[in-house]
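For reference, the structure is listed below as structure tokens.
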Amino acid sequence: RACDQLRCTACDFRVSLFNDYVWDQSCDYLFFRNNMPELSKLRAKMIKKKGARAYACQCSWRSIDELTDLQTEPQLRWVCGKH
């Protein structure tokens with residue numbers, strides 16, 4: 001089961017998720033820093049991919065196409081924001 005209430009402890013932003021999208025490889029820290037959480041600006045670097053999910057806060061981002069355990073990616077500082 002995937003958490004949909006993730007929060008980043010590094011930038012204190014809620015982690016946004018976008019179903020059926022992945023992030024373009026040209027994405028970088030400044031792109032997210034300057035454009036989160038405005039979807040209209042983020043769309044510039046979103047690529048449609050059925051079954052995938054794009055996640056991002058203001059300092060980190062990931063494209064996922066299979067169930068992934070966050071504990072395997074220690075550089076991410078995303079935690080459950082409680083339900």
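How far, in nm, would the chain grow between residue 30 and residue 82 when pulled straight, counting 0.36 nm per residue and subtracting the alpha carbon separation?
15.9 nm
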Would you mind computing, in nm to one decimal, how far apart the modelled labels at residue 65 and residue 19 are, each placed 7 Å from Cα along Cα→Cβ? 1.9 nm
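Net charge around residue 57, counting only other residues with Cβ within less than 13 Å of its Cβ (Lys, Arg = +1; Asp, Glu = -1)? Let's see the in-between values first.
Working: positive: 7, 14, 33, 62, 77; negative: 12.
So the environment of residue 57 carries a net charge of +4.
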Let me check I've understood the local charge: for residue 5, count other residues with C-beta under 9 angstrom from its C-beta, Lys and Arg +1, Asp and Glu -1. What total comes out? +2
Relative contact order of the chain: what whole-number percent is it, with Cα pairs under 8 angstrom and at least 6 residues apart? 40 percent
(i) 14.1; (ii) 12.9; (iii) 18.2: which one is Kirkwood radius over Cα pairs in Å as calculated from this entry? (ii)
So how exposed is residue 38, as accessible area in Å² (1.4 Å probe, rounded to 10)? 90 Å²
On the full set of protein chains, 1.4 Å probe, figure out the accessible area of residue 43 and give it in Å² to the nearest 10. 130 Å²
Under a 1.4 angstrom probe, counting protein chains only, how are 45, 50 ranked by accessible area, largest first? 50, 45
Taking the alpha-carbon distance from residue 49 and a cut-off under 14 Å, which aspartates and glutamates remain once sequence neighbours fewer than 8 residues away in the same chain are dropped? 20, 24, 65, 66
Could you tell me the accessible area of residue 6 in Å² (1.4 Å probe, neighbours in place), rounded to the nearest ten? 20 Å²
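The values are calculated or read from the model by the stated rules, or taken from the named source; none is laboratory data. What you see is a predicted model, and the numbers here were worked out from it, not measured in a lab. So basically every Cβ, Gly included, is an ideal-geometry build from the backbone, and we count neighbours across all protein chains shown. Accessible surface areas use protein heavy atoms only, side chains included; no ligands, DNA or RNA. Shrake-Rupley method; radii C 1.70, N 1.55, O 1.52, S 1.80 Å.
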